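Report on the structure given below.
The values are calculated or read from the model by the stated rules, or taken from the named source; none is laboratory data. The structure presented is a predicted model; accordingly, all values stated were derived computationally and were not measured. Cβ atoms come from the backbone with ideal geometry, glycine included; neighbour counts cover every protein chain shown.
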Amino acid sequence: MSGQVDALYIYLLLVSGVMTALIFIAVTVLAIKYRRRAGVDAHQIEGSTILEISWSIIPFGVMLTFFIWGAVIYFQERTPPADATEVYVVAKQWMWKVEHMEGQREINELHVPTGQNVKLIMTSQDVIHSFFVPAFRIKQDVLPGRYTTLWFKATQPGTYHLFCAEYCGTMHSGMGGSIVVMEPQDYAQWMAGGPSAPLQDTGKQLFSSLGCATCHRFDVQGRGPNLTGVYNKPVLLEDGRTVTADENYVRESILNPTAKIVNGFKPVMPTFQGIVSDEQLNALVAYVKSLNQPPTGTAGLPTQPAAPAEPQKMQVQ
Amino acid sequence: MATEAMAANQAPGSNYLTNGHGIKSWLLTTDHKRIAILYLISVSIFFFLGGLFAMFIRLELLTPQGDLMQADTYNKVFTMHGMIMVFFFLIPVVPAVLGNFLVPLMIGAKDLAFPRINLLSWYLYVIGGTLILHCMLTGGVDTGWTFYTPFSTAFTNTKIIEAGLAAFIAGFSSIFTGLNFIVTIHRMRAPGLTWDRLPLFIWANYATSLIMILGTPVVAITIVLVAVERLFHLGIFDPKLGGDPILFQHLFWFYSHPAVYIMILPSMGVISELITCFSRKRVFGYKFIALSSVAIAVIGFLVWAHHMFVAGISLYAAMIFSFLTFFVGVPSAIKVFNWTATLYRGSISYATPMLYAFGFIGLFTIGGLTGLFLATLGIDVHVTDTYFVVAHFHYVMVGGVLMGYLGGMHFWWPKISGRMYPEGWAKLSALLVFVGFNLTFFPQFILGYVGMPRRYWQYPPEFQVLNVLSTAGASVLAVGYLLPMIYFLWSLRYGPIAEANPWNAAGLEWKTSSPPPTFNFDETPVVTWEAYNYDEIPPKEMEVPVG
């Protein structure tokens with residue numbers, strides 16, 4: 001993606017460089033050529049509608065190419081591929097907390113393998129932050145109270161700056177870290193070195209310890225909807241609207257259950273605001289998402305093996 | 001009151017400066033020209049205060065580690081720099097100083113429509129300004145001038161309410177000025193001065209006034225909502241209370257983006273006056289320049305969310321706002337092209353005001369074109385909230401607005417003070433400002449693209465070289481800004497006496513004495529000519545070969 005952003009940037013630099021040069025040269029040449037001289041009067045010209053129209057429409061046409069190219073890149077940046085590995089990020093004043101699906105946790109560091117699409121599901125515990133990796137040319141604000149997402153695919157092993165780009169208080173400039181990009185085999189080794197209970201297992205334990213399972217049953221119809229296969233599907237609400245059950249919907253339904261009542265159910269669920277932490281919420285969301293296969297009773301969910309290097313999918317990133 | 005002033009007006013040789021002495025004759029004046037002087041003094045104080053904060057910022061950023069001051073102090077310093085420069089300098093500077101002085105003169109009126117409201121608006125400005133100074137001295141604010149929630153409502157312990165109140169009060173000053181200008185321009189034009197004969201400076205101030213009265217109430221409401229949430233914990237913006245933090249950004253930028261046009265449009269009006277006078281030309285494309293000001297005012301209200309492409313707004317909202325933002329580029333481009341075309345076959349003098357006009361075109365072109373980078377979604381994601389944005393808006397707001405303001409101050413100084421400024425020093429300061437400005441802010445474009453975020457107290461060492469360049473430029477720029485302050489004051493006593501029309505300029509303000517009498521014109525002028533009829537006015541003999 002960074003290659004595409006740079007290409008567009010160079011295109012804009014060229015166009016605006018030419019424009020700036022044209023204006024600078026025109027002003028300089030005219031200012032010298034028509035400098036005040038004794039006996040030479042100014043020659044009055046009222047204007048020219050044809051010129052006005054052409055210097056409105058032609059630049060606008062050029063700007064449309066900026067718009068379209070920029071919008072195409074933005075669309076790709078905002079559309080994570082389906083096969084992306086998910087990583088949960090919680091921001092707080094002034095650190096980044098990262099949790100991998102495998103259960104591995106990090107602070108102010110994010111390890112990723114090369115060649116793998118990575119989707120970050122981010123939220124903030126306090127104020128607005130912004131996850132900014134200049135080397136990847138990507139940035140996304142991280143908000144309290146909801147998820148925002150960001151994705152990338154790293155291609156070159158190395159360590160890259162992670163900055164907070166939205167002003168967040170005293171140590172805003174200290175809220176940095178590193179993205180450590182590793183070869184897949186090194187990454188697998190790094191991942192194996194940590195303690196791990198997969199995130200959805202943590203979520204599953206919470207699901208029963210918090211009593212969710214008493215109403216959201218998988219065998220018979222409980223007082224709450226059966227959550228099997230719900231994730232990313234359209235849900236018909238009590239008020240007739242249909243929404244997609246994405247991460248933000250699941251999150252909201254835990255914190256503010258009466259906001260969007262599923263058709264045919266009563267608003268009986270209590271809020272879990274202040275009861276579950278952002279990390280526990282992430283685990284619950286990960287668990288609900290994993291229910292697209294019926295639960296097997298044990299933590300037997302297939303985790304994605306570390307993707308082997310695929311040279312044909314490499315792109316300048 | 002009126003008869004009293006009228007009687008004084010009859011004294012031979014009396015002008016608005018000599019008509020009435022003593023502090024009361026100034027503090028209780030309703031003369032738009034005296035109020036302009038009051039504004040001139042107060043905005044200058046705030047400009048130098050804001051500039052002092054800028055120097056602290058640049059000094060801290062000389063080295064990568066935070067060493068000159070604490071992180072909290074740095075955060076308060078850049079907040080104060082932003083608040084003072086935006087609310088107490090850039091927004092009022094051209095309308096309240098030059099506009100106040102010139103709008104009645106340029107349209108052949110005796111004063112603004114509501115002279116007392118005009119004085120009230122200065123007092124509101126002073127009250128707001130005093131509050132912000134008090135706030136600064138008793139602890140300050142650390143949110144940045146943008147007050148983003150929920151940081152401002154639930155997390156910071158600094159003086160949000162007081163700073164917000166200062167901006168709130170100053171906002172009413174701006175609303176009153178806008179209201180006064182609109183009514184005056186509609187109702188008080190001299191006979192024969194039809195809309196298509198108005199100086200472009202008037203058109204620009206008219207468009208600005210529209211934004212002031214339509215936009216400013218929104219920021220006032222937003223400040224109230226922030227205060228309500230902070231004081232009474234009513235959930236509006238804080239998600240913990242059921243609010244939406246992005247709502248704040250929508251409301252804030254709905255005013256604060258058009259506010260950029262409040263700053264730049266009057267300066268654009270100044271540039272149209274300067275370029276015509278110093279090339280002895282009718283302006284190229286009068287109607288297009290006039291209407292482009294109105295177009296900027298209208299379209300400027302439809303682009304606010306381009307500040308929020310990474311804030312968490314929807315994909316399609318971002319696309320629509322990106323598209324609309326390119327629209328607002330067109331009227332700005334029209335102005336630049338028309339000014340350039342006006343030079344063609346002119347008789348161009350290189351007097352100081354014209355040097356500032358050239359400088360304006362240069363800096364505004366770079367500021368405007370880098371705005372297109374930011375309007376382009378794929379690029380904005382990378383450079384937003386970095387020094388690229390900082391460089392861009394300084395090019396537009398400081399490069400543009402100050403070049404126009406200083407050019408205008410030199411041009412109208414003889415009319416305001418009755419004295420000429422020293423041309424040699426003035427040319428030197430114009431050069432220092434242009435060079436110093438580019439040295440300060442051009443490196444910041446590069447700094448932003450390589451990834452340095454804004455509002456950073458410390459930064460990785462690889463960014464140091466560009467930061468040192470920027471700080472060096474800021475020192476040159478500071479000298480460039482201080483010089484006019486000194487020689488304008490000097491000229492009050494030692495400058496050559498100015499004639500009524502030292503530039504042989506068109507425009508009604510030059511048809512009365514310098515400085516003008518209290519009621520501007522001895523007889524109401526009747527206008528029978530088009531704007532910028534430089535074909536009917538010969539240039540000054542003494543001026544003929546310049547440069």
Problem set entry | Candidates B:Val310, B:Val283, B:Val294 - the one that is of a type in the set (Val, Ile, Thr) and within 30 Å of B:Trp425 (Cβ to Cβ) | B:Val283
Seminar exercise, completed: Out of (1) closer than 29 Å to B:Gly178 by Cβ; (2) over 21 Å from the mean Cα position of the chain (by Cα); (3) more than 8 Å from chain A (Cβ to nearest Cβ), the one B:Gly359 does not meet is (2)
For this session: State whether one or more residues within the stretch A:49-67 are under 19 Å from B:Ser349 (Cα atoms) and surrounded by fewer than 14 Cβ atoms within 10 Å (Cβ to Cβ).
Result: no
Exercise. Only one of (1) under 26 Å from B:Glu273 (Cα atoms); (2) without any contact (Cβ under 8 Å) to a residue 12 or more places away in the chain is not met by B:Val465, so which one is it?
Worked result: (1)
For this session: Kindly indicate the residue of the stretch B:386-396 that is crowded, with 24+ Cβ neighbours inside 10 Å and either hydrophobic (A, V, I, L, M, F, W, C) or touching a Lys or Arg at 6+ places or on another chain (Cβ under 7 Å) (or both) and also nearest to B:Val433 (Cα to Cα) among those meeting that condition.
Result: B:Ala391
Problem set entry | Identity of the residue in the stretch B:122-158, in contact (Cβ under 8 Å) with a residue 60 or more places away in the chain and in contact with an Asp or Glu (Cβ under 7 Å, 6 or more places away or on another chain), that ends up surrounded by the fewest Cβ atoms within 10 Å (Cβ to Cβ) | B:Thr158
Problem set entry | Out of B:Gly399, B:Gly378, B:Gly404, B:Gly367, sole residue that is buried (at least 24 other Cβ atoms within 10 Å of the Cβ), free of Cβ contacts under 8 Å to residues at least 60 places away in the same chain and within 19 Å of the chain's Cα centre (by Cα) | B:Gly399
Exercise. Does B:Ile161 meet the test of being under 24 Å from B:Thr130 (Cβ atoms), in contact with a helix residue (DSSP H, G or I) (Cβ under 7 Å, 6 or more places away or on another chain), surrounded by fewer than 19 Cβ atoms within 10 Å (Cβ to Cβ) and not charged (D, E, K, R)?
Worked result: yes
Exercise. Which one is farthest from the chain's Cα centre (by Cα), of the residues in the stretch A:63-97 that are β-branched (Val, Ile, Thr) and under 15 Å from A:Thr148 (Cα atoms)?
Worked result: A:Val90
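Yes/no matrix, rows are residues, columns are (1) surrounded by fewer than 19 Cβ atoms within 10 Å (Cβ to Cβ); (2) of a type outside the set (D, E, K, R); (3) within 14 Å of chain B (Cβ to nearest Cβ):
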position	(1), (2), (3)
A:Gly174	yes, yes, yes
A:Val180	no, yes, no
A:Glu183	yes, no, no
A:Ala213	yes, yes, no
A:Val220	yes, yes, no
Problem set entry | Residues within the stretch B:342-356 that are farther than 22 Å from B:Trp413 by Cβ and either of a type in the set (Lys, Arg) or more than 7 Å from chain A (Cβ to nearest Cβ) (or both), tallied | 2
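Yes or no, residue by residue, for (1) surrounded by 16 or more Cβ atoms within 10 Å (Cβ to Cβ); (2) under 24 Å from B:Thr158 (Cβ atoms); (3) of a type in the set (A, V, I, L, M); (4) more than 14 Å from chain A (Cβ to nearest Cβ):
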position	(1), (2), (3), (4)
B:Thr208	yes, no, no, yes
B:Ile213	yes, no, yes, yes
B:Ile221	no, yes, yes, yes
B:Val224	no, yes, yes, yes
B:Leu231	no, yes, yes, yes
B:Asp238	yes, yes, no, no
B:Gln249	yes, yes, no, no
B:Phe252	yes, yes, no, no
B:Tyr255	yes, yes, no, yes
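Matching residues to (1) more than 22 Å from A:Gly145 (Cα to Cα); (2) of a type in the set (Ser, Thr, Tyr); (3) in contact (Cβ under 8 Å) with a residue 12 or more places away in the chain:
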| position | (1), (2), (3) |
| --- | --- |
| A:Leu206 | no, no, yes |
| A:Gly211 | yes, no, no |
| A:Phe218 | yes, no, yes |
| A:Val230 | no, no, yes |
| A:Val235 | no, no, yes |
| A:Arg251 | no, no, yes |
| A:Ile254 | no, no, yes |
| A:Lys260 | no, no, yes |
| A:Pro270 | no, no, yes |
Exercise. Which condition does A:Leu30 not pass, out of (1) at the interface with chain B (Cβ under 8 Å from one of its Cβ atoms); (2) crowded, with 19+ Cβ neighbours inside 10 Å; (3) in a loop (DSSP other than H, G, I, E, B), if it passes all the others?
Worked result: (3)
For this session: Give the residues of the stretch B:327-379 that are touching a Pro at 6+ places or on another chain (Cβ under 8 Å) and either aromatic (Phe, Trp, Tyr) or part of a helix (DSSP H, G or I) (or both), sorted by residue number.
Result: B:Gly329, B:Val330, B:Ala333
Exercise. Out of (1) assigned to a helix (DSSP H, G or I); (2) more than 8 Å from chain A (Cβ to nearest Cβ), the odd one out for B:Ile313 is which?
Worked result: (1)
Exercise. Could you say whether any residue in the stretch B:474-484 is within 14 Å of another protein chain (Cβ to nearest Cβ), out of contact with any Gly (no Cβ under 8 Å at 6 or more places or on another chain) and at pLDDT 95 or above?
Worked result: no
Exercise. So, in the stretch A:57-82, of the ones that are of a type in the set (Gly, Ala, Ser) and under 14 Å from B:Phe309 (Cβ atoms), which residue ends up farthest from the other protein chains (Cβ to nearest Cβ)?
Worked result: A:Ala71
Problem set entry | Which listed residue is surrounded by fewer than 24 Cβ atoms within 10 Å (Cβ to Cβ), touching a helix residue (DSSP H, G or I) at 6+ places or on another chain (Cβ under 7 Å) and among the aromatic types (Phe, Trp, Tyr), from B:Phe87, B:Phe114 | B:Phe114
Problem set entry | Options B:Phe388, B:Phe393, B:Phe358, B:Phe373: the member that is within 19 Å of B:Ser429 (Cα to Cα) and modelled with pLDDT of 95 or more | B:Phe358
For this session: Answer yes or no as to whether B:Glu499 is charged (D, E, K, R), surrounded by fewer than 21 Cβ atoms within 10 Å (Cβ to Cβ) and within 14 Å of chain A (Cβ to nearest Cβ).
Result: no
Problem set entry | Within the stretch A:135-153, considering residues that are at the interface with chain B (Cβ under 7 Å from one of its Cβ atoms) and touching a Phe, Trp or Tyr at 6+ places or on another chain (Cβ under 7 Å), the one farthest from B:Gly242 (Cα to Cα) | A:Ile138
Problem set entry | Residues (β-branched (Val, Ile, Thr) and in contact with a Phe, Trp or Tyr (Cβ under 7 Å, 6 or more places away or on another chain)) located in the stretch A:1-51 | A:Val27, A:Ile45
Seminar exercise, completed: Filtering the stretch A:244-266 for residues that are in contact with a helix residue (DSSP H, G or I) (Cβ under 6 Å, 6 or more places away or on another chain) and surrounded by fewer than 16 Cβ atoms within 10 Å (Cβ to Cβ) leaves a count of 1
Exercise. Just to be sure, is B:Ile299 more than 10 Å from chain A (Cβ to nearest Cβ) and surrounded by fewer than 22 Cβ atoms within 10 Å (Cβ to Cβ)?
Worked result: yes
Problem set entry | Looking only at the stretch A:33-48, and only at residues there that are of a type in the set (D, E, K, R) and not in a helix (DSSP H, G or I), the one that is nearest to B:Val283 (Cα to Cα) | A:Glu46
